[in-house]
Amino acid sequence: MNANRDREYLSILTRYIRVCADYKPKLGHGAKNGYDLNEFRKIYGADPFYNWLVLDNPLMYAAHKTAGGMTSIYRQTGIGCEALFRKILQDTLSLKQDDVKWSYTIPLSGGKSRTLYLDARIPMDKVNDKEKREKIRRWIKEAAARLDVNDDVTASLTGVVFEIRQGYKSKDSKRQNADIANAATAYTKGLLPCAGILSLQIDENVALRYRAAQWVVLTGSTRNAVPYESIYGFMKDVIGYDLAGFFRRSSSILRKEVGRVLSVLLSPK
């Protein structure tokens with residue numbers, strides 16, 4: 001265990017969580033920074049219907065702030081976990097910042113284009129440690145076999161590309177279709193697509209659809225944490241970093257940070 005590294009990793013995650021305390025509801029309007037309580041009461045108090053129903057009540061503002069803030073906590077936690085995951089790959093596999101990034105460009109009409117980004121990448125040719133490189137290679141081969149990927153395609157794989165999420169609570173078909181398209185592109189670039197879900201919060205039907213599209217899906221299981229099913233098993237056994245151990249060591253601090261943010265969000269002030 002490296003205490004300095006723990007502090008560095010913890011600072012990455014808490015930086016994103018703290019942002020949520022500043023959340024202010026936009027109330028369906030275009031205010032970039034949202035509205036505070038006084039502005040809320042002016043807007044709702046000046047609306048005859050909302051005034052009649054006393055919807056300018058400060059508790060209604062607190063409800064708006066809590067609802068939006070909850071979404072913000074999930075979103076910011078996810079973004080923080082993406083940044084943390086990339087940093088761990090860099091440190092553990094001795095990769096550069098550009099090594100762990102991956103994007104591709106698709107053409108649009110009118111000569112325009114759009115660049116799409118996935119959250120992290122492991123390019124095997126950049127992993128200088130032979131033992132770690134071979135572990136990753138063996139994992140890719142076995143993970144692809146479990147997905148019934150064609151042997152010729154498996155032989156062409158030169159690394160892994162990741163989508164990292166704190167959970168997958170949405171059944172948004174548009175998001176799923178985009179991810180499936182990302183997987184198809186990843187294979188054409190010689191990369192095995194992997195969805196790393198840090199919690200157990202993913203709908204089983206969504207997970208089945210991703211696996212059918214030949215995504216490796218790793219969830220936040222800590223029981224029987226095999227590296228082909230668990231993101232924590234993968235990180236410990238293949239990458240060589242005990243991610244679950246980091247979260248356990250950091251849990252008391254993370255609980256305080258999230259608790260402080262929730263206290264702020266639940267208050268109407």
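Among the residues of segment 187-245, the ones that are in contact with a strand residue (DSSP E or B) (Cβ under 8 Å, 6 or more places away or on another chain), charged (D, E, K, R) and in the same structural domain as ALA145 (by TED's automatic domain parsing) come to 3 in all.
Helices (runs of 4 or more DSSP H) wholly in segment 29-121 with at least 3 residues that are outside the structural domain of SER263 (by TED's automatic domain parsing) - which ones?
Counting at least 3 such residues, we get 58-93.
On the stretch given as segment 221-243, residues that are part of a loop (DSSP other than H, G, I, E, B) and either among the aliphatic types (A, V, I, L, M) or in contact (Cβ under 8 Å) with a residue 24 or more places away in the chain (or both) total 6.
Condition first: over 30 Å from TYR23 (Cβ atoms), of a type in the set (Gly, Ala, Ser) and touching a helix residue (DSSP H, G or I) at 6+ places or on another chain (Cβ under 7 Å). Can you find one or more residues in segment 222-239 that meet it? Yes - at least one qualifying residue is present in segment 222-239. Applying a threshold of 8 Å to beta carbon distances and a minimum spacing of six or more residues, or different chains, the list of pairs starting in segment 1-30 at a residue that is under 26 Å from TYR241 (Cα atoms) and ending at one that is exposed (fewer than 15 other Cβ atoms within 10 Å of the Cβ) and of a type in the set (Val, Ile, Thr) reads LEU10/ILE253; THR14/ILE253. Condition check for PHE246 on (1) at pLDDT below 95; (2) crowded, with 19+ Cβ neighbours inside 10 Å; (3) part of a helix (DSSP H, G or I): one failure, at (1).
Do the conditions hold for PHE85, that is, is it in contact with a strand residue (DSSP E or B) (Cβ under 8 Å, 6 or more places away or on another chain) and of a type in the set (A, V, I, L, M, F, W, C)? Criteria met by PHE85. Scanning segment 149-171 for residues that are within 21 Å of PHE234 (Cα to Cα) and touching a residue at least 60 places away in the same chain (Cβ under 8 Å) yields VAL149, PHE162, ILE164, ARG165, GLN166, GLY167. Just one of the numbered conditions (1) surrounded by fewer than 13 Cβ atoms within 10 Å (Cβ to Cβ); (2) free of Cβ contacts under 8 Å to residues at least 12 places away in the same chain; (3) farther than 27 Å from TYR9 by Cβ is not true of ASP98: (3).
Can you work out which of the residues in segment 47-66 that are under 32 Å from the mean Cα position of the chain (by Cα) and surrounded by 13 or more Cβ atoms within 10 Å (Cβ to Cβ) is nearest to LEU37 (Cα to Cα)? Can you show your working first?
Of segment 47-66, the ones under 32 Å from the mean Cα position of the chain (by Cα) are 59-66.
Pick out the ones that are also surrounded by 13 or more Cβ atoms within 10 Å (Cβ to Cβ) and you get 60-66.
Details: MET60: 10, TYR61: 7, ALA62: 9, ALA63: 12, HIS64: 11, LYS65: 10, THR66: 13 Å.
Among those residues, the one meeting the criterion is TYR61.
The values are calculated or read from the model by the stated rules, or taken from the named source; none is laboratory data. Computed from a prediction, not measured in an experiment: that's the story for all the values here. All Cβ positions, even for glycine, are placed from backbone atoms using ideal geometry, and neighbour counts span all protein chains on display.
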